[in-house]
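Worksheet: the structure to be examined is printed underneath.
The values are calculated or read from the model by the stated rules, or taken from the named source; none is laboratory data. Because the structure is predicted, anything quoted here is derived from the model rather than measured. All Cβ positions, glycine included, derive from the backbone under ideal geometry; neighbour counts span all protein chains shown. These accessible areas exclude ligands, DNA and RNA; they are computed on the full protein's heavy atoms, side chains included. Shrake-Rupley method; radii C 1.70, N 1.55, O 1.52, S 1.80 Å.
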Amino acid sequence: TMGFSRYVEVGRVVLINYGPDAGKLATVIDIVDQNKCLVEGPEEITGVKRQVISYRRIALTDLTVNIQRSARAKSLKAAWKEGDTLAKWEGSQWAKKLASKKTRAGLSDFDRFKVMVAKKQKSRIIAQKMKELKA
(Lines give C-alpha, C1' and ligand atoms only; values in the text may rest on other atoms or scores of the structure.)
Protein backbone atom coordinates (compact mmCIF):
# COMPACT_ATOMS: atom_id res chain seq x y z
CA THR A 1 0.00 0.00 0.00
CA MET A 2 1.18 3.49 -0.87
CA GLY A 3 1.10 5.94 2.03
CA PHE A 4 0.93 9.69 1.62
CA SER A 5 4.27 11.43 1.27
CA ARG A 6 3.07 15.01 0.82
CA TYR A 7 1.52 16.44 3.95
CA VAL A 8 0.12 19.89 4.64
CA GLU A 9 2.81 21.09 7.02
CA VAL A 10 4.58 24.30 7.92
CA GLY A 11 7.24 24.86 5.25
CA ARG A 12 5.52 22.83 2.53
CA VAL A 13 5.78 24.51 -0.88
CA VAL A 14 2.43 24.56 -2.71
CA LEU A 15 1.27 25.49 -6.19
CA ILE A 16 -1.82 27.70 -6.20
CA ASN A 17 -4.18 26.33 -8.84
CA TYR A 18 -7.17 28.66 -8.54
CA GLY A 19 -7.86 32.34 -7.91
CA PRO A 20 -5.91 35.52 -8.67
CA ASP A 21 -2.56 33.88 -7.80
CA ALA A 22 -3.16 30.74 -9.89
CA GLY A 23 0.04 29.19 -11.22
CA LYS A 24 2.26 30.72 -8.52
CA LEU A 25 4.24 28.99 -5.80
CA ALA A 26 3.70 29.71 -2.11
CA THR A 27 4.81 28.32 1.24
CA VAL A 28 2.54 27.09 4.03
CA ILE A 29 3.33 29.23 7.07
CA ASP A 30 0.57 28.17 9.45
CA ILE A 31 -2.41 25.83 9.53
CA VAL A 32 -5.71 27.60 10.31
CA ASP A 33 -8.11 24.63 10.46
CA GLN A 34 -8.91 21.50 8.47
CA ASN A 35 -9.95 23.55 5.43
CA LYS A 36 -7.58 26.49 5.36
CA CYS A 37 -3.94 27.43 5.80
CA LEU A 38 -1.87 30.62 5.84
CA VAL A 39 0.48 30.91 2.86
CA GLU A 40 3.02 33.41 1.61
CA GLY A 41 5.24 33.48 -1.48
CA PRO A 42 7.82 34.93 -0.39
CA GLU A 43 6.35 37.93 -2.23
CA GLU A 44 9.64 39.18 -3.73
CA ILE A 45 10.29 35.76 -5.26
CA THR A 46 6.88 34.36 -6.29
CA GLY A 47 4.60 37.39 -5.97
CA VAL A 48 2.16 35.78 -3.51
CA LYS A 49 1.14 38.01 -0.58
CA ARG A 50 0.51 36.51 2.87
CA GLN A 51 -3.06 35.20 2.86
CA VAL A 52 -5.38 32.50 4.15
CA ILE A 53 -6.24 30.04 1.38
CA SER A 54 -8.47 26.98 1.14
CA TYR A 55 -6.83 23.57 0.57
CA ARG A 56 -9.02 23.16 -2.51
CA ARG A 57 -7.11 25.99 -4.20
CA ILE A 58 -3.63 24.54 -3.70
CA ALA A 59 -1.67 21.52 -4.87
CA LEU A 60 1.11 20.20 -2.63
CA THR A 61 4.57 19.82 -4.16
CA ASP A 62 7.40 17.55 -3.01
CA LEU A 63 9.40 20.58 -1.86
CA THR A 64 9.69 21.84 1.70
CA VAL A 65 11.59 24.75 3.25
CA ASN A 66 12.90 24.82 6.78
CA ILE A 67 10.93 27.53 8.60
CA GLN A 68 9.27 28.14 11.95
CA ARG A 69 5.49 28.42 12.30
CA SER A 70 4.23 31.93 11.34
CA ALA A 71 7.70 32.85 10.06
CA ARG A 72 8.37 36.47 9.12
CA ALA A 73 8.71 37.38 5.44
CA LYS A 74 12.44 37.98 5.85
CA SER A 75 13.21 34.56 7.34
CA LEU A 76 10.96 32.87 4.75
CA LYS A 77 12.88 34.54 1.93
CA ALA A 78 16.18 33.50 3.52
CA ALA A 79 14.97 29.89 3.82
CA TRP A 80 13.99 29.87 0.13
CA LYS A 81 17.40 31.23 -0.87
CA GLU A 82 19.19 28.73 1.36
CA GLY A 83 17.24 25.74 0.07
CA ASP A 84 17.55 26.89 -3.57
CA THR A 85 13.83 26.15 -3.76
CA LEU A 86 13.00 27.98 -7.00
CA ALA A 87 15.79 26.19 -8.91
CA LYS A 88 14.59 22.83 -7.56
CA TRP A 89 11.07 23.64 -8.74
CA GLU A 90 12.26 24.74 -12.19
CA GLY A 91 14.07 21.42 -12.49
CA SER A 92 11.00 19.31 -11.69
CA GLN A 93 8.95 17.55 -14.38
CA TRP A 94 5.80 19.31 -13.12
CA ALA A 95 7.28 22.77 -13.71
CA LYS A 96 8.61 21.78 -17.14
CA LYS A 97 5.16 20.48 -18.13
CA LEU A 98 3.53 23.75 -17.04
CA ALA A 99 6.15 25.73 -18.97
CA SER A 100 5.57 23.73 -22.16
CA LYS A 101 1.79 24.17 -21.78
CA LYS A 102 2.33 27.92 -21.48
CA THR A 103 4.56 27.92 -24.58
CA ARG A 104 1.97 25.97 -26.56
CA ALA A 105 -0.81 28.33 -25.52
CA GLY A 106 1.20 31.25 -26.89
CA LEU A 107 1.74 29.75 -30.35
CA SER A 108 0.30 31.42 -33.44
CA ASP A 109 -1.42 29.49 -36.20
CA PHE A 110 1.76 29.43 -38.29
CA ASP A 111 3.77 28.20 -35.28
CA ARG A 112 1.31 25.32 -34.84
CA PHE A 113 1.66 24.53 -38.54
CA LYS A 114 5.48 24.43 -38.21
CA VAL A 115 5.15 22.08 -35.24
CA MET A 116 2.91 19.78 -37.29
CA VAL A 117 5.39 19.75 -40.20
CA ALA A 118 8.30 19.00 -37.84
CA LYS A 119 6.34 16.13 -36.22
CA LYS A 120 5.58 14.66 -39.65
CA GLN A 121 9.26 14.85 -40.65
CA LYS A 122 10.35 13.26 -37.38
CA SER A 123 7.88 10.38 -37.61
CA ARG A 124 8.88 9.80 -41.24
CA ILE A 125 12.57 9.55 -40.31
CA ILE A 126 11.77 7.19 -37.42
CA ALA A 127 9.59 4.99 -39.66
CA GLN A 128 12.40 4.86 -42.23
CA LYS A 129 15.02 3.84 -39.64
CA MET A 130 12.70 1.20 -38.18
CA LYS A 131 12.19 -0.20 -41.68
CA GLU A 132 15.97 -0.33 -42.18
CA LEU A 133 16.43 -2.13 -38.85
CA LYS A 134 13.83 -4.76 -39.75
CA ALA A 135 15.33 -5.38 -43.19
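Taking amide hydrogens as placed 1.01 Å from N in the peptide plane, the amide H of Ile31 sits under 5 Å from those of Leu38, each at least 5 positions away in sequence or on another chain. Residues in the stretch 122-127 carry Karplus couplings, in order, of 4, 5, 5, 4, 4, 4 Hz; the curve used is 6.51 cos²θ - 1.76 cosθ + 1.60 with θ = phi - 60°, and Gly or Pro positions show x. Per residue, the chain exposes an accessible area of 74 Å² to a 1.4 Å probe, with every protein chain left in place.
Proximity of backbone amide H atoms, modeled 1.01 Å from N, is registered between Arg12 and Val28, Val65 at under 5 Å, excluding neighbours fewer than 5 places apart on the same chain. Between the Cα long axis of helix 93-105 and the first principal axis of the chain there is an angle of about 60°, rounded to the nearest 10. Three principal axis extents describe the C-alpha atoms of the chain; from largest down they are 65, 40, 29 Å.
If one computes P(r) from the Cα atoms of the stretch 41-90, what percent of pairs lie at distances over 12 Å? When all Cα pairs of the stretch 41-90 are counted, 68 percent exceed 12 Å. Per residue, the chain reaches -14000 deg cm²/dmol at 222 nm when only DSSP H runs of four or more residues are counted, each adding -39500 (n - 2.57). Straightening the chain between Asn35 and Met130 buys 28.8 nm, computed as 0.36 nm per residue apart minus the Cα-Cα spacing. Where in the stretch 1-33 does the amide nitrogen come within less than 16 Å of the point 7 Å from the Cα of Leu98, taken along Cα to Cβ? Only 12-28 fall inside the zone, counting backbone N under 16 Å. Remark: for residue pairs Lys36/Lys96; Lys96/Lys120; Lys24/Lys97, the C-alpha separation exceeds 18 Å in Lys36/Lys96; Lys96/Lys120. Backbone phi angles across the stretch 45-61, fed through the Karplus curve with coefficients 6.51, -1.76 and 1.60 (θ = phi - 60°), yield HN-Hα couplings of 8, 10, x, 9, 6, 5, 7, 8, 9, 6, 4, 5, 9, 10, 10, 6, 9 Hz in residue order; Gly and Pro are listed as x. Over the stretch 17-68, the ratio between the Cα radius of gyration and 2.2 N^0.38 Å evaluates to 1.04.
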